[in-house]
Amino acid sequence: MADYQHHFFDERLALPTPQKAVCVGQNYLAHMQEMGGVPVSEAMFFIKPLSAFVGLSEQLGIPRNQGAVHFELELVVLLGKALTNASEEECQQAIVGYAAGLDLTLRDVQAELKQRGHPWERAKAFDGSAAISPFVLVDSKEALRALAEMDLQLHCNGELRQQGNTRQLLRSIATLLSQASHCFTLAPGDVLFTGTPAGVGPLLVGDDIKLQVGEISMQTRVV
């Protein structure tokens, strides 16, 4: 929530408090198809405010009485410097970490908003909707290249629900960051949610979730 701070697995490292999470919709073709979408020429961005941030830990709180709450597992990248109208090369150089993230979504609310042609914030930007693991440091060209070939998996109650690899991204991370920086300034500490593979689904209280993104592996229980 408002007192959220980024954490690296190496606790000696620290970065400024983020201002926002920039999220991208429709960046994995299979997920786009399962949601009834079609490819578009430009990336579709939406923003989650600082109040949406929560550290991914042993318990994951979800809203009650607002319809279905869906998980969307994503690779999250962390910026170490500001970007405005930046080139893709500048964007790559600004990446300092990566994490596993859950873009929690009020799916029934989102469906209603889509039907009305309204923005998605009520379904996407609520408190606690951006659950983020501690970060792994990206401090070499090899670590940066690894982001483009990173496996993602999510198990719910022991069942594999989501599986993908960032090779399947319709737009690269550098392309997304560059396009976003031409829309609004990205600040040090801001993060990019890079999109989710197919297999999204509802969370229920008591569910046990195991997620893996690259070398990150974490477990949490829904409460």
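The values are calculated or read from the model by the stated rules, or taken from the named source; none is laboratory data. Worth saying up front: this structure is predicted, and the values here are computed from it rather than measured. Here Cβ is always computed from backbone atoms with ideal geometry, including for glycine, and neighbour counts include all displayed protein chains. The accessibility values were calculated without ligands, DNA or RNA, using every heavy atom of the protein model including side chains. Shrake-Rupley method; radii C 1.70, N 1.55, O 1.52, S 1.80 Å.
Tallying residues that are under 16 Å from Ala187 (Cα atoms) and either among the hydroxyl-bearing types (Ser, Thr, Tyr) or open to solvent by less than 10 Å² (accessible area, probe 1.4 Å) (or both) within segment 72-86 yields 7.
Checking each residue in segment 169-181 for being farther than 21 Å from Pro49 by Cβ and out of contact with any Cys (no Cβ under 6 Å at 6 or more places or on another chain) picks out Leu169, Leu170, Arg171, Ser172, Ile173, Thr175.
For segment 57-71, enumerate the residues that are open to solvent by less than 10 Å² (accessible area, probe 1.4 Å) and either on the phi > 0 side of the Ramachandran plot or of a type outside the set (Val, Ile, Thr) (or both). Matches in segment 57-71: Leu60, Phe71.
Of the residues making up segment 175-187, those that are in contact with a strand residue (DSSP E or B) (Cβ under 6 Å, 6 or more places away or on another chain) and either small (Gly, Ala, Ser) or open to solvent by 10 Å² or more (accessible area, probe 1.4 Å) (or both) are Ala180, Ser181. Looking only at residues in segment 11-44 that are acidic (Asp, Glu) and either open to solvent by less than 20 Å² (accessible area, probe 1.4 Å) or assigned to a loop (DSSP other than H, G, I, E, B) (or both), the one that is modelled with the lowest pLDDT is Glu42. Answer yes or no: is there a residue in segment 45-64 that is at pLDDT below 95, part of a loop (DSSP other than H, G, I, E, B) and more than 30 Å from Gly206 (Cβ to Cβ). For segment 45-64, residues at pLDDT below 95, part of a loop (DSSP other than H, G, I, E, B) and more than 30 Å from Gly206 (Cβ to Cβ): absent.
Scanning segment 180-200 for residues that are at pLDDT 95 or above and either in a helix (DSSP H, G or I) or among the hydroxyl-bearing types (Ser, Thr, Tyr) (or both) turns up Ala180, Ser181, Thr185, Thr194.
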